[in-house]
């Protein structure tokens, strides 16, 4: 079953002390330039009818991934068991990917290190570094948005949080 996407715009509006959001769903099938044009037309209208400040608009795409993976969590799944993959980017920055409910069977035997020789782990790392065809992942937290280039650190671990 193919993944189905639903696009929505989230408008962040501030009263000077706090932020609040409003959501507008966008017709599926619009291109990014069409969505940008829609935001450019809508933002001034929103600005006119509010007392606060329109701080930003983000585009969110919710993708139904049903049928692409598990339908239920394993009974031993724990969101505090994570793996961290740290990738360098083309300009010397980094991108940290934390993966919750990490399956520790993908750690090297007797270690908290991720087994980077495991075929499934290699496939994940390769996709993050090389993308699909010419579509690549980017270091989203870097304003220059450079390409990820290589895995520089990895660890599978459990967070222990006092309750």
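The values are calculated or read from the model by the stated rules, or taken from the named source; none is laboratory data. Keep in mind that what you see is a predicted model, and the values were worked out from it rather than measured. Cβ: placed from backbone, ideal geometry, glycine included. Neighbour counts: every protein chain shown.
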inquiry  = So, in region 114-158, how many residues would count as being modelled with pLDDT of 75 or more, out of contact with any strand residue (DSSP E or B) (no Cβ under 7 Å at 6 or more places or on another chain) and surrounded by fewer than 16 Cβ atoms within 10 Å (Cβ to Cβ)?
reply    = 8
inquiry  = Condition (residue is assigned to a helix (DSSP H, G or I) and touching a strand residue (DSSP E or B) at 6+ places or on another chain (Cβ under 9 Å)) applied to region 11-20: is it met by at least one residue?
reply    = no
request  = Please state which one of 49, 79, 39, 57 is in contact with a helix residue (DSSP H, G or I) (Cβ under 6 Å, 6 or more places away or on another chain) and either over 28 Å from residue 99 (Cα atoms) or surrounded by 10 or more Cβ atoms within 10 Å (Cβ to Cβ) (or both).
outcome  = 57
key: Some residue of region 59-78 being closer than 28 Å to residue 9 by Cα, touching a strand residue (DSSP E or B) at 6+ places or on another chain (Cβ under 9 Å) and at pLDDT 85 or above   = yes
remark   = Selection from region 82-113 of residues at pLDDT below 80 and in contact with a helix residue (DSSP H, G or I) (Cβ under 9 Å, 6 or more places away or on another chain) yields 95
key: Close pairs from region 37-64: first assigned to a strand (DSSP E or B), partner surrounded by fewer than 11 Cβ atoms within 10 Å (Cβ to Cβ), Cβ under 7 Å, at least 6 apart   = 63/3; 64/3
query = Among (1) at pLDDT below 50; (2) surrounded by 15 or more Cβ atoms within 10 Å (Cβ to Cβ), which single condition is residue 161 missing?
reply = (2)
note = Scanning region 75-114 residue by residue, those within 14 Å of residue 154 (Cβ to Cβ) and in a helix (DSSP H, G or I) turn out to be 104, 106
